[in-house]
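Taken together, the values in this text are just the output of simple stated rules run on the coordinates, not laboratory data. The structure displayed is predicted, hence computed values, not measured ones. As a convention, Cβ positions derive from the backbone with ideal geometry for all residues, glycine included, and neighbour counts pool all protein chains shown.
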């Protein structure tokens, strides 16, 4: 297929690009290289892809309808994987309007460009944060997602609804994938694990929020990419699908694993819980298994080993730039 990937220069985007090119697809990458984190990190991702054939890069903003329409007029696109948008719960508290502009308005403009071009396949990267605050149990796609506690989560939920509207009104086939805390080599430098690794290797105090008992369903990027690549091949109708590891760990367990992997320990500064954060995520992945053949293959210990090894080999490649 010829597939357009928005946010194609990002952490997940460039990892997915490599995998889809290996599978023989032709890819059109769209990214605006904004300053939500240092754009040189994204340019490094693009540099890493130069030697591979059958892809093109378009630098621009998905909120620009003429920019998107021109791409769709130039290429016969079979499907779109929509990863672009502003990410992060805490930054969304400071500028909620920007998050709704990028994540909701940007999605609306993209959907309309797809409608005009007659493109009927979409995979949208949503977030586990839409489930809001839960005390325990697995999070299932049938659970309510109306209790979002951050502008970021609300913007992702609103984008899911826009996708549903285009399915009903225009026959768009859409899989909305709710991603659970994606990590791996070249993770976004503002994310927790990348930041912790940098702090451990540079003897900096680690700041932790709450009491360390919050739990996250950390999911290795290669498993997420496998789920996305199968989704664009199989998308039909409208579905919401969790992609996670189904194996949550506490923040303290995560730090202990990182200390073991790095053979380093630094002081911890304990801070009060942050508004907008959710204390618990645990993905139910039966639906992903059924629809996508999704089976996460990398446990947290092995994923962290790979991430630490990558940092040791390239300590300035994407982690240090924002710290």
* Asked: How far, in degrees from 0 to 90, does helix 65-74 lean away from the longest principal axis of the Cα atoms of the chain, to the nearest 10?
  -> 60
* Structure fact -> Simple spin-label estimate for residue 112/residue 209, 7 Å along Cα→Cβ, in nm, reads 3.4
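Rg/Rh for region 1-70: what does it come to with C-alpha atoms and Rh from Kirkwood?
Details: Rg = 11.7 Å, Rh = 12.2 Å.
Over the Cα atoms of region 1-70, Rg/Rh equals 0.95.
Order these peptides, 55-62, 158-165, by their mean beta-carbon neighbour count within 10 angstrom, highest first. Please list the in-between numbers first.
Working: 55-62: 16.8, 158-165: 18.2.
Top of the packing list down: 158-165, 55-62.
Counting pairs of alpha carbon atoms under 8 Å apart in space and at least six apart in sequence, what relative contact order in percent does region 241-313 give? Spell out each step's value before the answer.
On the way: 39 pairs, mean separation 38.6, N = 73.
Relative CO of region 241-313 lands at 53 percent.
Mind giving me the FRET efficiency for residue 299 and residue 234? R0 is 35 Å, r the Cβ-Cβ distance, nearest 0.05 is fine. If you can, show how the numbers build up before the last one.
On the way: r = 26 Å, r/R0 = 0.73.
In this case the efficiency is close to 0.85.
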* Point-to-point label distance, residue 268-residue 256, nm (Cα→Cβ direction, 7 Å offset) -> 1.0
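How high is the relative contact order of region 133-268, in percent, counting Cα pairs under 8 Å that sit 6 or more residues apart? Numbers along the way, then the final one.
Working: 146 pairs, mean separation 44.9, N = 136.
In percent, rounded to a whole number, it is 33.
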* Asked: Mind checking the angle between helix 251-262 and the chain's longest principal axis? C-alpha axes, 0 to 90 degrees, to the nearest 10.
  -> 80
* With a 10 Å radius around each residue's Cβ, average the other Cβ atoms per peptide and rank 275-283, 148-156, 208-216, highest first. => 148-156, 275-283, 208-216
* **Folded to 0 to 90 degrees: helix 106-117 orientation relative to the chain principal axis, Cα** => 30
* Asked: Which order results if 50, 270 are arranged by neighbouring Cβ count within 10 Å, fewest first?
  -> 50, 270
* Structure fact -> Rounded to whole angstrom, the alpha-carbon centroid of region 164-194 lies from that of region 116-163 at a distance of 9
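Among 263, 236, which comes first, second and so on when ranked by fewest other beta-carbon atoms within 10 Å? Display every interim value, and only then the final one.
Numbers: 263 8, 236 11.
By the 10 Å Cβ count, ascending: 263, 236.
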* Take every Cα pair under 8 Å in the chain that's 6+ residues apart, average their separations, divide by the length, and report that relative contact order as a whole percent. => 20
* Asked: For the residue pair residue 69 and residue 249, what label-to-label distance in nm results when each label sits 7 Å from Cα along the Cα-to-beta-carbon direction?
  -> 5.0
* Hey, can you rank 305-314, 101-110 by average C-beta count inside 10 Å, highest first? -> 101-110, 305-314
* Tell me, what is the FRET efficiency for residue 34 and residue 170 to the nearest 0.05, using R0 = 41 angstrom and their Cβ-Cβ distance as r? -> 0.90
